[in-house]
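Read the structure below first, then the notes.
The values are calculated or read from the model by the stated rules, or taken from the named source; none is laboratory data. Model, not experiment: these values are computed from the prediction. Using ideal geometry, Cβ is built from the backbone for each residue, glycine included, and neighbour counts are taken over all protein chains shown. Quick note on the areas: whole protein, heavy atoms, side chains included, nothing else; ligands and nucleic acids left out. Shrake-Rupley method; radii C 1.70, N 1.55, O 1.52, S 1.80 Å.
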Amino acid sequence: MDRRRGGETVDRLMAQMTLAEKIGQLNLLAAGEGLVTGAATATPLAKRLDAGQVGAIFGTKSLASARDLQDRALAGSRLKIPLFFAEDVIHGHRTVFPLPIALAASWDMALIEATAGFAAAEASAEGLHQVYAPMIDVSRDARWGRMAESPGEDPHLAGAIAAAMTRGLQGDDPASPGRVAACLKHFVAYGAPLSGRDYDNASLAWEDLLETYLPPFAQGVAAGAASVMAAFNAVNKLPMHAHEPLIEGWLRGTTGFDGLVVSDYTGIRELTAHGLGSPATVVLRALAAGIDMDMVGEDYLAHLPALAEAGLDAPEAGLSVPAERVRALIDRACARVLGFKARLGLLDDPWRGLTGSPPAPDRAEGRALARKAAARSAVLLKNDGLLPHDPAARVALIGPLARDRANMLGTWSVSGRAADVTPLFEAMTAIAGRPPAHAPGCNLIEEDWLVDRLNVHGVTVTRDPRPEAEMLAEAVAVAQTADVVVVALGEAKEHAGESSSRLCPDLPAPQRRLLDALAATGTPLVVAVFAGRALALGGVDGRCGALLYAWHGGIAGPEGVADLIFGRAEPSGRLPVTLPAAPGQTPVSHAEDPTGRPWTGRFVKFRTGWLDLPGDRQPYPFGFGLSYTEVDYAPPRLSAAEAGPEDRVRLSVTLTNTGPRPATETVQVYLSDPEARITRPARHLVAFRHVDLAPGATREVVFEIGADLARYPLAPSLETARWVRDPGRIVLHVGPNSRDTRPVELTWRA
Ligand code: BGC
C-alpha cells in the first residue's frame, strides 16, 4: 500500500467496508458491451456496478464510456469508491509502434521509453489508469507466438527494457498527468512453455528461473512498476495463479514489490483445469498465493462470501483454512486494491484521469516517433552492396505484404487502425517520386482453414483467386524489367500473438516458391521480412543479395523500411533473439549451457547438433545486425588482469568507423565463467552501449566491470537458493554481436 498518498484513506475505508464491499473490490471485469444506456434491462456489467461489485474495468474504448461507467460505479458504491480503468496497450495505443520484439531490436532504451511515454499519454487521455504492459517474458522459442510481445531471449536486455518501459509509462508518478500505471507481465516463465505451445507449463531449473526469467521483473519493480499480472502457466508443477512462494515469497519478499497483483483472464478458475481442486478450493489458493484481483472469471465474487463464512476443509486438495484466515486474506487483497487506487490519485479524486485533460498528444508527433522506431528496429542481416538504393533506380516491389496495411500493425494492437498504416508500396512511392513496378507474386498462405484462424480478430488475410502459376509468372515478368526487386514477405499479424504457436516457424510455402522463382530471374533481390517472431530463414539468404528483418513495425513500419531501403536512415537494429537456422532448431539462444560435447556451429558426428541441418545454414546470432558502413573493433583491454572482489576494472575497446556512412554501433560485452560449481551458460550478455560514429571517427568505449557480474545462483529449491561468486578466471567477450567477439581474461582474487 502506498503510504505516501492515501494510506490513511485506505485504512479508513477498510474500517468501514462490509465483507461484500471488500470482495466487490477484487472483481476486475471487461467493459464488453458496457452499459448500453437506454436499454430496457441493465447489462450484466451495469448490474454489478449497481451492486458495488466491481473494482476495476478493462477494455473501455472511449473517455465517454469510462466516464459513464465511473458515474454508475460511484452511484452503486455506498462509500463512493471509484473504479480504475485498464487496457492492453502493448506497443502503442492508437499510435501503434513496432512490436515489442521489434523495439527490443533497437537496443535503444531512450527510444523505447519515448514510445511508452507516448502510449501512456494517448491511453491516459482516453481515461485509462493502468496498461497491461510491459510484457517482459524472456522467450527463446520461435514457435511461441507471444515472442512478438516479448523483449527477446536475454534477461539483461529484457531487464533494461522493463525499466525503460516502466519509466516511460509511469514517469515519476503514475498519477501524474499523461501517465499510467505499468503492469509487468506475465509473472513468470510464461515465455518458456513446453513445445513452444501457448499456455503450456514450464519446467526448468530454479537457477534458470532466478537468472533468466525473474530478473526482468526485478528490474521493473526497481523502476517502480505499480502492478504485476500472473501468468497462465505452471512453473515446476505449481500453476502461477497458485504460486505463493513466487508471488508472496520472491516478488513481494525478495524484490519488495508493494503494488497490485492481478490475475490473467480467467486465470483463477483455470486452476481447476490444472488439477488444483474445486472452484472454491482454487479461489482460496489464488487468494493465498497473492492474486489480489480476479480478471473476468468472477470466481472471487462467487466463492469468497461462503469461504469467509465457513473457511475450507478440503483434505482431498490438501487444504484446510479457517474462516478468519480467509477474511484476513480478503482484507489483504482489498487493501492492495485500494492502495493501488490511492497511488493513482483516485481516492482523492474519483475523476482523476477522466477529465480529458491533458488532451491526447499530437498524432503527427507520434507518427514521426513510430517511423524512427521502425527504422531503428529493422535488422539488416545481409547486404551484398545492394542497399541503400538510389531512388532513381528501376525498383520493383513484389510480395504478398507489399501493399498490406492491417498485418503491419502486428498482434496486440487493440486500439490501432489499419487505415493509419502507410503500406510499403506507398512509402517507397513517396520517396522515389514514382511507384515501383508491382505484383503480389503469391498469397500469404494457401490453406483455407488457416486463413480462417488468422482472421479471428477481423480479416487481415485475403486470397487472390488466381492460380499460383499465373501469379508467379506475372511476378517474374515484373522482376525481369527491374534493376532490383524488393520482396515483401513474412507473416500475418495473427500468425503471432496469443494462442498462435507455430509448429514450423518459417516463411509460408507459397512465399518460398515465389522467392525461388524470383531468384531464378537473376535480378538482384532485397528481401524484407515482416514477422512477429524469429523465423527460420534457412535458404532465404542464399537467394537474395540483401535481407532486412523488419518485424511488424506498426503504423509507420513500412515507412521506416523505405527510409532504410533508400538510405534516408541508417540500419542499426540488432537481433534480440537468435534466428533459428531451421524451424526445428528451437528453443535456441546465445546463452545455452555447454554440453560435454559442445555444439560447434555445424554437424559433427558424436557431438551435440542436428543431423539434418545443412552445413551452410547457420542461425543469425543474438545481437547480430549490419550497418551501411564498417566498424572495426580493436582488441579489448582491461585496466587490470587481476582484481579483488570490491575492485572495479575498466574494460575498454576502441571502435573506428572505417566506412563511408555514419553508424550507430551497439557494443556488446558477454561473460563466460569456464570453471564454476554448476554448468554456466557458454556466454551471456552483461553489458551493452550505443555509440554514434561519424565516417572515419574513432571512439573508445569503457565499461566498468565489478565482481558482482560473475555472481550466479545455486538453487536446489527456491527456498534454499543463494547467489555465489567464485574467485578465479572469467572471460569477457567484446564485439558487435554474440558470436563475433574478442576475448579478454580477468582473474578475481578471493
Ligand atoms: C492475456 C493478457 C492480457 C489479458 C487481457 C490475456 O488473454 O494473456 O496478456 O493482458 O488477456 O486482455
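Quick notes
- Looking at region 31-64, the trypsin sites (Lys or Arg not before Pro) that sit in a DSSP loop and have at most 15 other Cβ atoms within 10 Å of their own Cβ are K61.
- 5 angstrom amide H check on A687, placed H, neighbours 5+ away: V669
- For region 568-606, chymotrypsin sites (Phe, Trp or Tyr not before Pro) meeting the loop criterion (DSSP other than H, G, I, E, B) and having at most 12 other Cβ atoms within 10 Å: F606.
- For the chain, the residue among G178, T666, Y633 whose Cα projects farthest onto the positive side of the dipole built from Cβ charges is Y633.
- With both residues required to sit in region 366-585, DSSP beta bridges show an antiparallel share near 20%.
- Counting Lys and Arg as +1 and Asp and Glu as -1 over every other residue whose Cβ lies under 13 Å from the Cβ of R197, the net charge comes to -1.
- Annotation: peptides 577-589, 366-378, ranked by per-residue average of other Cβ atoms within 10 Å with the highest first, follow the order 366-378, 577-589.
- Distant alpha-carbon pairs in region 7-47 (separation over 12 angstrom), percent: 69 percent
- Projecting the alpha carbon convex hull of region 295-347 along each direction and taking the average yields 4.6 nm².
- For the chain, the residue among A120, L63, A222 whose Cα projects farthest onto the positive side of the dipole built from Cβ charges is A222.
- Accessible-area composition of the chain, carbon plus sulfur, in percent [1.4 Å probe]: 51 percent
- Protein heavy-atom accessible surface, 1.4 Å probe, per residue over the chain: 36 Å².
- For peptides 224-237, 178-191, sequence by mean Cβ density within 10 Å, most packed first: 178-191, 224-237
- Eligible lysines near K22 by straight Cα distance, threshold 29 Å, same-chain separation 8 or greater: K47, K61, K80, K185, K341
- Spatial separation of Cα centroids for region 179-218 and region 335-411, in angstrom: 25 Å
- What the pair-distance distribution of region 669-737 shows, using all Cα-Cα distances binned every 5 Å from zero, is 3, 13, 22, 20, 14, 11, 7, 5, 3, 2, 1 percent.
- Cβ-Cβ distance of S176 and D448, R₀ of 51 Å, FRET efficiency by 1/(1 + (r/R0)^6): the value works out to about 0.50.
- Kirkwood Rh (inverse of mean 1/r, distinct Cα pairs), the chain, angstrom: 27.0 Å
- Scoring 305-317, 726-738 by mean Cβ neighbours within 10 Å over their residues and listing the highest first yields 726-738, 305-317.
- Calculated FRET efficiency, R749 to F603, Cβ-Cβ distance, R0 = 25 Å: about 0.05 to the nearest 0.05.
- Residues whose placed amide H lies under 5 Å from that of A181, excluding near-sequence neighbours: Q130, V131
- When only Cα pairs below 8 angstrom with a gap of at least 6 residues are kept, the chain shows a relative contact order of 14 percent.
- Volume per residue for region 366-585 equals 115 cubic angstrom (convex hull of Cα atoms).
- For region 427-494 and region 506-545, distance of Cα centres in Å: 13 Å
- Heavy atoms of L397: accessible area, 1.4 Å probe, square angstrom to 10: 0 Å²
- Note, ³J(HN,Hα) from phi for region 582-599, Karplus 6.51, -1.76, 1.60, rounded to Hz, x at Gly and Pro: 9, x, x, 8, 8, x, 8, 7, 6, 9, 5, 6, x, 9, x, 10, x, 4
- Sequence-distant residues sharing a close amide H with L548 (under 5 Å, placed H): L381, V527, A528, V529
- Counting only DSSP beta bridges with both residues in the chain, the antiparallel share comes to about 55 percent.
- Percent RCO, i.e. relative contact order, over region 655-744, from Cα pairs under 8 Å lying at least 6 residues apart: 34 percent
- Dipole magnitude for region 631-748: computed about the Cα centre from +1 point charges on Lys and Arg Cβ and -1 point charges on Asp and Glu Cβ, it is near 180 debye.
- Efficiency of FRET from Cβ geometry, A40 and E646, R₀ 60 Å, rounded to 0.05: 0.20
- Restriction of the GluC sites (Glu not before Pro) in region 662-750 to DSSP coil positions whose beta-carbon has at most 10 other beta-carbons within 10 angstrom yields E675, E719.
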